[in-house]
Amino acid sequence: MNNEQSKLIQSVPTGGKRIAVYPGSFDPVTMGHLDIIHRAARQFDTLVVSVLNNMSKKPLFSVEERVEQLKQVTADLPNVEIDSFRDLLANYIREREAHVIVRGIRSVTDFEYELQMASINRELNPDAETIFMMTNPRYSYLSSSMVKEIARFDGPVSDFVPPLIEQELKLKFGAMSNS
């Protein structure tokens with residue numbers, strides 16, 4: 001075994017739980033997100049789905065609302081935890097004692113961006129690996145931004161989000177149009 005192989009084996013956690021983090025804004029959570037959550041939950045002892053508190057974005061739902069929504073739509077998954085963070089992902093991974101970052105890929109454009117992020121995270125936290133999961137082709141065109149745009153104009157979103165989220169979108173946009 002060469003030195004590189006030895007380092008690699010030493011960096012893999014022995015014993016303990018296999019913990020992965022699936023970070024995102026989830027504004028709102030879509031069926032594409034849920035597809036990745038369900039599939040990733042089968043691969044790890046614990047999957048932490050964590051809402052990024054991104055100060056540069058103007059979200060429709062607060063972090064607290066998104067955390068609560070995710071808790072409700074993943075209630076059937078006992079090994080899924082919902083959390084939020086506002087630190088660097090590399091630091092958050094370390095704090096959660098995770099070793100894997102899960103990211104969904106819809107297109108080549110996603111891959112280019114995610115590859116950059118994975119490289120930066122690896123530089124900042126060499127113990128963290130990023131795995132990419134291809135989105136179910138059924139959801140390859142789907143984004144939270146598109147869902148919000150459709151919902152804003154009272155379009156049908158039932159194929160794109162869980163029923164709870166559909167209702168929350170209607171409430172949010174109804175309240176916005178009444179103010």
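The values are calculated or read from the model by the stated rules, or taken from the named source; none is laboratory data. Please read these numbers as outputs of a predicted model, since none were measured by experiment. Neighbour counts are summed over all protein chains in view; Cβ atoms, including those assigned to glycine, are modelled from backbone coordinates with ideal geometry. Side chains included, ligands, DNA and RNA excluded: accessible areas come from the protein's heavy atoms. Shrake-Rupley method; radii C 1.70, N 1.55, O 1.52, S 1.80 Å.
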Gaussian network model of the chain, Cα within-10 Å springs - most flexible of Phe153, Phe111, Phe85: Phe153
Among Lys148, Lys57, Lys17, whose mean-square fluctuation peaks in a Gaussian network model of the chain (Cα, cutoff 10 Å)? Lys57
Using a cut-off of 19 Å between alpha-carbon atoms, which lysines can reach Lys170, once sequence neighbours fewer than 8 places away in the same chain are excluded? Lys58, Lys148
Interchain or long-range residues, amide H under 5 Å from Arg18's placed H: Asp45, Thr46
Met146 accessible area, 1.4 Å probe, all protein chains in place, Å² to nearest 10: 100
Under 5 Å between amide H atoms, partner at least 5 residues away or on a different chain: which partners does Thr130 have, H built in plane at 1.01 Å? Ile101
Label model pair Ser158, Ser62: point-to-point distance (7 angstrom along the Cα→beta-carbon line) in nm is 3.1
Leaving ligands and nucleic acids out of the surface, order Leu171, Leu124, Leu77 by accessible area at 1.4 Å, largest first. Leu171, Leu124, Leu77
Of every Cα-Cα pair in the chain, the percent that sits beyond 27 Å: 29
Using Cα pairs closer than 8 Å and at least 6 residues apart in sequence, work out the relative contact order for the range 81-134, in percent. 45
Using the Cα centre of the range 23-179 as the reference point, and only Cβ charges (+1 on K/R, -1 on D/E), how large is the resulting charge dipole? Debye, rounded to the nearest 20. 320
Can you give the relative contact order of the chain as a percent, counting alpha carbon pairs under 8 Å and 6+ residues apart? 26
Hey, if you put +1 on the Cβ of every Lys and Arg and -1 on every Asp and Glu Cβ in the range 18-171, which of Val48, Met117, Ile93 ends up farthest toward the positive end of that dipole? Met117
Using amide H atoms built in the peptide plane, which far-off residues or other-chain residues are under 5 Å from Val157 H to H? none
With each pseudo-label sitting 7 Å past Cα toward Cβ, what's the Val108-Arg18 distance in nm, one decimal? 3.2
Calculate the all-directions average of the projected area of the range 75-179's alpha-carbon convex hull, and give it in nm². 8.7
